[in-house]
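To start, the structure itself, in structure tokens.
The values are calculated or read from the model by the stated rules, or taken from the named source; none is laboratory data. In this text, all values refer to a predicted model and were calculated from it rather than measured experimentally. Please note: Cβ atoms are built from the backbone with ideal geometry, for glycine as well, and neighbour counts cover all protein chains shown.
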Amino acid sequence: MGEDRSQLLAVYGSAVELTNAVKLMLREGHGQLEVLSPIPLPELHELLPQRPSSVRWFTLIGCIAGAFAGMGLQVGTVLHWPLLTGGKPALSLPAFVIIAFEMTILFGAVATLVGFLVNAKLPPIEKEWYHPGCSRSDFALLVWHDPAQSDSIERHLRDAGAREVNRGGSGLAQRESVNHE
Amino acid sequence: MDGETRIPDFERIETTVLGGLLRPGKLYLAFVGLTLVCLLIGVVAYSQIILVSIGVAGINNPVHWGVFIINFVFWVGLAHSGTLISAILYLFQARWRTSINRIAEAMTVVAIMTAGLFPLVHLGRVWLVYYMIPYPSTRELWPNFRSPLLWDVFAITTYMLVSIMFFYVGLIPDLATVRDRSNGIIKRVYSALALGWRGSHRQWHHYEMAYMLLAALATPLVISVHSVVSWDFAVSLIPGWHSTIFAPYFVAGAIFSGCAMIIVILLPMRKFLGLHELITVRHFSLLCKMLVFMSLIITYSYFAEFFIAWYTGNDIEQHSFYNRAFGTYGPLFWLMIVLNSLLPLTLLSARLRENLKYVYVVAVGVVIGMWVERFVIIVTSLSQDYDPYAWGTYAPTLVEWGILLGSFGLFFFLFAVLAKIFPVVAIGEMKALVRSQSGESEHG
């Protein structure tokens, strides 16, 4: 996020209040918002639209890589070190499908995990605003804004039912109720 | 529904689930002590194989696969139900899984770890296990990729890794909850495990996609893994094993035994961790219905095996199945029929499904019955195959019984440890379920 922008973190006691606050901020023209919540909030999909998660592309590429790696390992091995048993051809493709399948799943799952961590920015490289209640029963709205508008935005956030509002400067001011993970 | 009435729900879920976390009571410590004694017996028994030889086990020609392979199939099977409940029911959006999916996933991880030890035990000279791993070596001796035993290496390793990943990804939001409720060194440990989870809508967006994809990958995997295990048998030419029905038959058996083991674990946990609100009689009733359904599939498979043996007109195949029912191990076969085919049918009665003590007895019976089933399949087929001159019998030795006991000790020990350090119910999912059932989102 831009260094010249200030941040306000408003904490709400319910998802309904949070959703109302998001609507209010959007109506006021503050589109740079982030929501923190203990559960996924499907009703925010329309208000804060996101592109389909790119984790699926990681999965697809992982699966394709796994299939080729699994088949390649077996084909390469039997071509270089043929081990002839039971009168069967060294290149027994139907039998090789099984290990190729397992490798498809394994690589796909590892790629999914990596894709999730990369996209969700876990673990975070730089400090980010956080409220410890948001893993429990609180809902928070983080608003990036022009510093000159801080007072009016805070008023709006409190009007929408915020239990507390934490202010940050252009950096990340430490506040008691805010953890920087 | 407004925030004031919802928040206590969220807090009550947390308090209920996390109440017993990291605080071992006397009963818990006594249970862990018991599991460690069993594990120690297993270690002492296994040390005999290392110090003396694999000859201390009862396996010998013609029955060269005994309790170790039975245990392997048994524990792999138990692992499958975890994936069924957590992944397959997730894809089918069966919401009742939310109360029990974490325990099922933990069971999968622990059971597959326990299962993975048995091929190593069965090897005898465990220090040569690296022969199975395909890597360029000066020996220039590569594994045979046409062998089901090598398929097993890939299948079981993949299953274990994917199960751990699935378990861990599901845990991340809950680890953040524990982090934010704790202090000091415990907070630091859970902070590291939670990877800095904040619960932002961006994170939830990718989390939901990743969880769904892992479930989608785990579902065909679970089918493939026990199919591969069944091919350890079916690809050979032993009468009673060489059958195309083996893959679905084994997968059904795995899910059947897994459902029973879930009940065996859930009931005491519910009682001792005070999870009555989250794990209700309805959950057990639904698990019982799954148990009955799988029992019917298993019973059909038993029938189909005998029918195919008769229909082939092959003397050796027919003898193999006659021997299974009326030979040396006949009583075990009939015990299997009683425990796996008849006893679960009593759960068709709704009244009995709600009698949890009775349900527990049936579940324990099925777990025993499925172990016996693997004994019957493996031992009877090997004891009398083609050549009457080479027939023989097999009885496990004390070393094998000790290792079996040790495997139960290991399973329950690992499970008890996991249940103490990780939330046993998926808190985040449970909160979302409570919210959706309360209809709050509709008003949002």
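Within segment A:92-109, the residues that satisfy the criterion of being of a type outside the set (Phe, Trp, Tyr) and in contact with a helix residue (DSSP H, G or I) (Cβ under 6 Å, 6 or more places away or on another chain) are A:Ile98, A:Ile99, A:Ala100, A:Glu102, A:Met103, A:Thr104, A:Ile105, A:Leu106, A:Gly108, A:Ala109. Of all residues in segment B:147-179, those satisfying the criterion of being touching a Ser or Thr at 6+ places or on another chain (Cβ under 6 Å) and either modelled with pLDDT under 90 or hydroxyl-bearing (Ser, Thr, Tyr) (or both) are B:Ser163, B:Thr177. Within segment A:52-88, restricting attention to residues that are of a type in the set (A, V, I, L, M) and in a loop (DSSP other than H, G, I, E, B), the residue that is modelled with the highest pLDDT is A:Leu84. Looking across segment B:177-217, the residues that are of a type in the set (D, E, K, R) and in a helix (DSSP H, G or I) come down to B:Arg179, B:Asp180, B:Arg181, B:Lys187, B:Arg188, B:Arg202, B:Glu208. Among the residues making up segment B:188-201, a single one is of a type in the set (Lys, Arg) and within 10 Å of chain A (Cβ to nearest Cβ): B:Arg198. Summed over segment B:171-199, residues that are touching a residue at least 12 places away in the same chain (Cβ under 8 Å) and within 17 Å of A:Leu122 (Cα to Cα) total 16. Considering the conditions (1) away from chain A (no Cβ under 14 Å); (2) under 27 Å from B:Arg12 (Cβ atoms); (3) over 20 Å from the mean Cα position of the chain (by Cα), B:Tyr207 is excluded by exactly one of them, (1). With respect to B:Val417, determine if the residue is away from chain A (no Cβ under 13 Å), in contact with a helix residue (DSSP H, G or I) (Cβ under 9 Å, 6 or more places away or on another chain) and closer than 30 Å to A:Arg136 by Cβ. The answer is yes for B:Val417.
If you go through segment A:57-82 and keep only what is of a type in the set (Phe, Trp, Tyr), surrounded by fewer than 18 Cβ atoms within 10 Å (Cβ to Cβ) and under 32 Å from the mean Cα position of the chain (by Cα), you end up with A:Trp57, A:Phe68. When A:Glu28 is tested against (1) touching a residue at least 60 places away in the same chain (Cβ under 8 Å); (2) in contact with a helix residue (DSSP H, G or I) (Cβ under 6 Å, 6 or more places away or on another chain); (3) more than 9 Å from chain B (Cβ to nearest Cβ), just one condition goes unmet, and that condition is (2). Any chance you could count how many residues in segment B:158-183 are more than 8 Å from every other protein chain (Cβ to nearest Cβ) and of a type in the set (Val, Ile, Thr)? Looking only at that region, the number is 2. What about B:Val129, is it out of contact with any Phe, Trp or Tyr (no Cβ under 6 Å at 6 or more places or on another chain), more than 12 Å from chain A (Cβ to nearest Cβ), at negative phi and not acidic (Asp, Glu)? Here the answer is yes, as B:Val129 does meet what is asked. Exactly one residue out of B:Val229, B:Val225, B:Val178, B:Val189 is within 25 Å of the chain's Cα centre (by Cα), more than 19 Å from A:Gly108 (Cα to Cα) and among the β-branched types (Val, Ile, Thr): that is B:Val229.
Report whether or not B:Phe246 is without any contact (Cβ under 8 Å) to a residue 40 or more places away in the chain and surrounded by 18 or more Cβ atoms within 10 Å (Cβ to Cβ). Answer is yes for this residue.
The residue that is surrounded by the most Cβ atoms within 10 Å (Cβ to Cβ), counting only those in segment B:333-358 that are of a type in the set (S, T, N, Q) and assigned to a helix (DSSP H, G or I), is B:Asn340.
If you go through segment A:99-123 and keep only what is closer than 15 Å to B:Gln203 by Cα and either facing another protein chain (nearest Cβ under 7 Å) or buried (at least 22 other Cβ atoms within 10 Å of the Cβ) (or both), you end up with A:Thr112, A:Leu113, A:Gly115, A:Phe116, A:Asn119, A:Ala120, A:Leu122, A:Pro123.
For (1) farther than 30 Å from A:Ser37 by Cα; (2) at the interface with chain B (Cβ under 9 Å from one of its Cβ atoms); (3) modelled with pLDDT of 90 or more; (4) assigned to a loop (DSSP other than H, G, I, E, B), each residue gets a yes or a no:
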| site | (1), (2), (3), (4) |
| --- | --- |
| A:Leu91 | yes, no, yes, yes |
| A:Pro94 | yes, no, yes, no |
| A:Ile125 | no, no, no, yes |
| A:Cys134 | no, yes, no, no |
| A:Ala162 | no, no, no, yes |
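Within 11 Å of chain B (Cβ to nearest Cβ), surrounded by fewer than 22 Cβ atoms within 10 Å (Cβ to Cβ), under 21 Å from the mean Cα position of the chain (by Cα) and closer than 22 Å to A:Phe139 by Cβ: does that describe A:Leu36? The answer is no for A:Leu36. Residue-level check: of (1) in contact with a helix residue (DSSP H, G or I) (Cβ under 7 Å, 6 or more places away or on another chain); (2) surrounded by 20 or more Cβ atoms within 10 Å (Cβ to Cβ); (3) of a type in the set (Val, Ile, Thr); (4) in contact (Cβ under 8 Å) with a residue 60 or more places away in the chain, B:Val379 misses just (1). Of the residues making up segment B:380-439, those that are polar (S, T, N, Q) and part of a loop (DSSP other than H, G, I, E, B) are B:Gln384, B:Thr393, B:Thr397. Selection of segment A:1-33 for residues being exposed (fewer than 14 other Cβ atoms within 10 Å of the Cβ) and not in a loop (DSSP other than H, G, I, E, B) yields A:Lys23, A:Leu26, A:Arg27.
Annotation: A:Pro49 fulfils all but one of (1) free of Cβ contacts under 8 Å to residues at least 24 places away in the same chain; (2) part of a helix (DSSP H, G or I); (3) of a type outside the set (Lys, Arg); the unmet one is (2).
Of all residues in segment A:47-60, exactly one satisfies the criterion of being more than 7 Å from every other protein chain (Cβ to nearest Cβ) and either touching a strand residue (DSSP E or B) at 6+ places or on another chain (Cβ under 8 Å) or under 16 Å from A:Leu141 (Cβ atoms) (or both), namely A:Leu47.
The rows are residues; the columns are (1) among the small types (Gly, Ala, Ser); (2) in contact with a His (Cβ under 9 Å, 6 or more places away or on another chain).
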| position | (1), (2) |
| --- | --- |
| B:Gly25 | yes, no |
| B:Ala30 | yes, no |
| B:Leu34 | no, no |
| B:Val43 | no, no |
| B:Ile49 | no, no |
| B:Asn61 | no, no |
| B:Gly66 | yes, yes |
| B:Gly82 | yes, no |
